[in-house]
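Read the structure below first, then the notes.
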Amino acid sequence: MDIVQKKKIGLIVIILAIALSIPLFVTKPYYIHVITMCLLWAYLASSWNLFCGFAGQLSLGHGIFTAVGAYVTIMLFNDFNISPWIGMFAGGAAAVLLSTLIGYPTFKLRGAYYALATVAIGSGVMVLIENTMTLGPFHVGGAEGLIVRLMGNAPAYLQFMSKVPYYYLALAMLVIVVVFSYWLKNSRLGFYLSALKEDEDAAAALGINVRNAKLVAAAYSAFFTAIGGVFYAMLIRYLEPMAIAGPMMSNEMVFLAVVGGSGTVFGPVVGGITLHAISEVIQFYFSDMAQGLHLFIYGLIVVFVIMFKPQGIIDILQKYYNRFLGISDRGEDESSVS
Amino acid sequence: MNMKLLSIKNLNSGYGDVKIIKNLSLEVNKGEVVSIVGANGAGKTTLLKTISGLIPATSGEIWFEDQRIDNLPPHKITELGIIHVPEGRRVFPFFTVYENLLIGSTMPRAQKERKKNLEYVFNLLPRLAERKNQVGSTLSGGEQQMLAIGRALMGMPRILMLDEPSLGLSPLLVQTIFELISTIAKEGITVLLVEQNVRQALKLSDRAYVLENGSISLEGTAEEISNNPDVKKAYLGL
Ligand SMILES: Nc1ncnc2c1ncn2[C@@H]1O[C@H](COP(=O)(O)OP(=O)(O)O)[C@@H](O)[C@H]1O
Ligand SMILES: [Mg+2]
């Protein structure tokens, strides 16, 4: 094992050790909750990135998948007492199905069709939920939203009294999506995705089944996003159509991934954690000044980062990372972070 | 005794409502080098895109040996051995030379022979071997064209369709690229060559078609075409 390898492993160990010990130092539930939300947003941005970042496709409607994942899981739990641990797979499967239904016709076409379809279907799904009180045997709750049936401390039903288990769950989910991103990026499919991101026609002319590659990656992305929706539901214990399916949810995933560095493994993680932390701070200090001021400031930050660092914050970190490893800036080992 | 490899019958295609290729028929026999020459905007690129399935045929038929291929998706068409080197090279700029070559052999038929084909390409194009780990965007125009051709060879073409391989290259490099095409043809690969550089294209072709406004205006052996007075005037500047 060479020195670069050792340094990399050392860095991972240190970051994981810090992450694992945070609940030992941060004991106020409110702060644990905020940090958990940072991890969740990092997870959601990474899930969006699995398809949209790696394949260069714009989805402005990933809130569809958080919503479908969460609603299916919670309805199964509320009305049939099926544990969210199991229900989440049904929610994930529903998201995969929906993603394929959107992708199948639109991936055949070039241009903005996919992005437009995600916007249209995204707002459609929200309005649909808002106007559905019941669906067969299920209570949906319409615009009032859906309350998660409370069970006290019930780990088998993904419910905890303390915030700490949620924190560790979010951390585990984030680690899983990062490892999956890394695997995907270095897989054959990842190779095809970066080719079609570059030049779709050239990729197709070389025999890559462009539509299939997109469908598979979009399905992965939808599944991971849906699981994020389930986690959100269990943490907040209340599903509001606007919050879980609305444009804020969908846009936020895009902002975080792009500001962090879309199409890279760690960009969305960095974007999700830092930007969400910033937004919490802004909200804390500015939300009582003028209505919407915190959103305005947040928007400005997003615009500035995109203007001055179009490759994302990860681009800055990459430089320090390479220096730490002792390799040149255009180092031979860029793939490990990007 | 000619063996038909590719035959196109009364083909129409275009972009949306815009008709570009109009009632076009042509044939390419096994082992031939066939040129399609014509002015800028005649529809040469559109024709190749239609053959490789990147845009749909609105009517007419395209046959590869005894299989009808219009309506097949692009990856099925490449799997048959119809490989298209697109106009403007379109090398993947962030991929290394090696990765660019690998992505040319993703179809099952070519994947099995990947190692052998890599050796073949590096032998044929030693310049690429030297630059194996360099990214595509750092290559010169001529090297990028070689890479685009090498990448296509990785897919084990039974017919190689080249869209203006000489475009934007210096005269010396144009020479090199045409020699490369000659070499490939001599190894038995059928070539369908699209060119604006009519003189050079005719030199290495067996037969040629002249494309005007989306239709064939003239066809014949390369010699017949180069001696045609209209062609001489319009395309050879004589
Ligand atoms: N994507 C497109 N959409 C609409 N029209 C196009 C498109 N690409 C090319 N054309 C038109 O099709 C005609 C033929 O173009 P092309 O096949 O590129 O010709 P050539 O390759 O012979 O120069 C031209 O009039 C061009 O403007
Ligand atoms: Mg052209």
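How about the range A:199-223: which of its residues are more than 8 Å from chain B (Cβ to nearest Cβ) and among the hydrophobic types (A, V, I, L, M, F, W, C)?
A:A213, A:L215, A:V216, A:A217, A:A218, A:A219, A:A222, A:F223
Evaluate the following for A:S83: is it among the polar types (S, T, N, Q) and open to solvent by 30 Å² or more (accessible area, probe 1.4 Å)? Walk me through how you get there before you give the answer.
Details: among the polar types (S, T, N, Q): yes; open to solvent by 30 Å² or more (accessible area, probe 1.4 Å): no.
Taking the combined requirement at face value, the residue does not satisfy it.
Can you tell me how many residues within the range A:1-26 are touching a residue at least 60 places away in the same chain (Cβ under 8 Å) and either exposed (fewer than 11 other Cβ atoms within 10 Å of the Cβ) or out of contact with any helix residue (DSSP H, G or I) (no Cβ under 9 Å at 6 or more places or on another chain) (or both)?
Count: 1.
What is the one condition in (1) open to solvent by 10 Å² or more (accessible area, probe 1.4 Å); (2) without any contact (Cβ under 8 Å) to a residue 40 or more places away in the chain; (3) more than 13 Å from ligand 1 (Cβ to nearest atom) that B:G60 does not satisfy?
(2)
Is there any pair with a first residue in the range B:78-106 that is more than 17 Å from B:N117 (Cβ to Cβ) and facing chain A (nearest Cβ under 7 Å) and a second that is among the charged types (D, E, K, R) and surrounded by fewer than 23 Cβ atoms within 10 Å (Cβ to Cβ) whose Cβ atoms are under 6 Å apart and which are 6 or more apart or on different chains, and what are they?
B:R90/A:D199; B:F92/A:E198
Considering the range B:82-135 alone, what residues qualify as being more than 16 Å from ligand 1 (Cβ to nearest atom) and on the phi > 0 side of the Ramachandran plot?
Those that are more than 16 Å from ligand 1 (Cβ to nearest atom) and on the phi > 0 side of the Ramachandran plot: none in the range B:82-135.
Looking at B:D17, B:D70, which is the one that is acidic (D, E) and within 16 Å of ligand 1 (Cβ to nearest atom)? Step through it out loud before you land on a result.
Numbers: B:D70 fails: within 16 Å of ligand 1 (Cβ to nearest atom).
On inspection, the qualifying residue turns out to be B:D17.
It is to be established whether one or more residues within the range B:206-222 are within 14 Å of another protein chain (Cβ to nearest Cβ) and more than 16 Å from ligand 1 (Cβ to nearest atom).
The answer is no; no qualifying residue exists.
Mind listing just one residue for me: the one in the range B:148-178 that is over 14 Å from the mean Cα position of the chain (by Cα) and among the hydrophobic types (A, V, I, L, M, F, W, C) and, of those, farthest from B:V91 (Cα to Cα)?
Here is the first cut: in the range B:148-178, the ones over 14 Å from the mean Cα position of the chain (by Cα) are B:154, B:168-176.
Still in the list and also among the hydrophobic types (A, V, I, L, M, F, W, C): B:154, B:169, B:172-174.
Numbers: B:M154: 14, B:L169: 15, B:L172: 21, B:L173: 17, B:V174: 18 Å.
Per the criteria, the residue is B:L172.
Taking B:G43 as the residue in question, decide whether it is within 16 Å of ligand 2 (Cβ to nearest atom) and within 19 Å of B:L162 (Cα to Cα).
So B:G43 fits the description; yes.
Tell me, which residue of the range B:157-171 that is open to solvent by less than 20 Å² (accessible area, probe 1.4 Å) and in contact (Cβ under 8 Å) with a residue 40 or more places away in the chain is farthest from ligand 1 (Cβ to nearest atom)? First the steps, then the outcome.
Going residue by residue through the range B:157-171, those that are open to solvent by less than 20 Å² (accessible area, probe 1.4 Å) are B:157, B:159-166.
From what is left, the residues that are in contact (Cβ under 8 Å) with a residue 40 or more places away in the chain are B:157, B:159-165.
On the way: B:P157: 20, B:I159: 18, B:L160: 17, B:M161: 12, B:L162: 12, B:D163: 7, B:E164: 7, B:P165: 13 Å.
Going through the qualifying residues, I end up with B:P157.
Give the residues of the range B:8-39 that are within 16 Å of ligand 2 (Cβ to nearest atom) and either assigned to a strand (DSSP E or B) or open to solvent by 10 Å² or more (accessible area, probe 1.4 Å) (or both), sorted by residue number.
The answer is B:S13, B:G14, B:Y15, B:V18, B:I20, B:I21, B:L24, B:S35, B:I36, B:V37, B:A39.
Regarding A:S262, is this residue assigned to a loop (DSSP other than H, G, I, E, B) and more than 14 Å from chain B (Cβ to nearest Cβ)?
yes
Per-residue answers, yes or no, for (1) assigned to a helix (DSSP H, G or I); (2) in contact with a helix residue (DSSP H, G or I) (Cβ under 6 Å, 6 or more places away or on another chain); (3) within 14 Å of another protein chain (Cβ to nearest Cβ):
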| site | (1), (2), (3) |
| --- | --- |
| A:M173 | yes, yes, no |
| A:F180 | yes, no, no |
| A:W183 | yes, no, no |
| A:K197 | yes, yes, yes |
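What number of residues in the range B:86-132 are within 16 Å of ligand 2 (Cβ to nearest atom) and either open to solvent by less than 50 Å² (accessible area, probe 1.4 Å) or out of contact with any helix residue (DSSP H, G or I) (no Cβ under 6 Å at 6 or more places or on another chain) (or both)?
Of the residues in the range B:86-132, 3 are within 16 Å of ligand 2 (Cβ to nearest atom) and either open to solvent by less than 50 Å² (accessible area, probe 1.4 Å) or out of contact with any helix residue (DSSP H, G or I) (no Cβ under 6 Å at 6 or more places or on another chain) (or both).
Scanning the range B:44-55 for residues that are of a type outside the set (A, V, I, L, M, F, W, C) and within 10 Å of chain A (Cβ to nearest Cβ), which turns out most open to solvent (accessible area, probe 1.4 Å)? Before the answer, list the steps.
The first filter runs over the range B:44-55 and keeps only residues of a type outside the set (A, V, I, L, M, F, W, C), leaving B:44-46, B:49-50, B:52-53.
Adding the requirement that they be within 10 Å of chain A (Cβ to nearest Cβ) leaves B:49, B:52-53.
Details: B:K49: 41, B:S52: 4, B:G53: 21 Å².
By that ranking, first place goes to B:K49.
Restricting to the range B:185-238, give me the number of residues that are β-branched (V, I, T), touching a Leu at 6+ places or on another chain (Cβ under 9 Å) and more than 23 Å from B:K49 (Cβ to Cβ). Let's see the steps before the verdict.
Of all residues in the range B:185-238, those β-branched (V, I, T) come to B:189-191, B:194, B:198, B:210, B:216, B:221, B:225, B:231.
Applying the additional criterion that residues be touching a Leu at 6+ places or on another chain (Cβ under 9 Å) yields B:189-191, B:194, B:198, B:210, B:216, B:225, B:231.
Of the ones still in play, those that are also more than 23 Å from B:K49 (Cβ to Cβ) are B:225, B:231.
Summing the residues that are β-branched (V, I, T), touching a Leu at 6+ places or on another chain (Cβ under 9 Å) and more than 23 Å from B:K49 (Cβ to Cβ) in the range B:185-238 gives 2.
Would you tally the residues in the range B:40-57 being β-branched (V, I, T), in a helix (DSSP H, G or I) and either at pLDDT below 95 or within 9 Å of ligand 1 (Cβ to nearest atom) (or both)?
The qualifying residues number 2.
Which of the numbered conditions does B:N197 fail, given that it passes all the others? Conditions: (1) in the same structural domain as B:N227 (by TED's automatic domain parsing); (2) away from ligand 1 (no atom under 16 Å from the Cβ).
(2)
Tell me which residues, restricted to the range A:194-222, are small (G, A, S), within 25 Å of A:S46 (Cα to Cα) and free of Cβ contacts under 8 Å to residues at least 12 places away in the same chain.
Within the range A:194-222, the subset small (G, A, S) is A:194-195, A:202-205, A:207, A:213, A:217-219, A:221-222.
Adding the requirement that they be within 25 Å of A:S46 (Cα to Cα) leaves A:194-195, A:203, A:213, A:217-219, A:221-222.
Once the filter is applied, which keeps residues that are small (G, A, S), within 25 Å of A:S46 (Cα to Cα) and free of Cβ contacts under 8 Å to residues at least 12 places away in the same chain, the range A:194-222 yields only A:A203.
May I ask you to list the residues in the range A:172-189 that are closer than 17 Å to A:G271 by Cα and open to solvent by less than 30 Å² (accessible area, probe 1.4 Å)?
Residues satisfying the conditions are A:M173, A:L174, A:V177, A:V178, A:S181.
Exactly one condition in (1) crowded, with 17+ Cβ neighbours inside 10 Å; (2) modelled with pLDDT under 90 is false for A:M234; which is it?
(2) is the only condition that A:M234 fails.
The values are calculated or read from the model by the stated rules, or taken from the named source; none is laboratory data. Keep in mind that this is a model prediction, so the values were computed, not measured. Backbone-built Cβ (ideal geometry, glycine too); neighbour counts: all protein chains shown. Ligands, DNA and RNA are stripped out before the accessible areas are found, and what is left, the full protein with its side chains, is counted by its heavy atoms. Shrake-Rupley method; radii C 1.70, N 1.55, O 1.52, S 1.80 Å.
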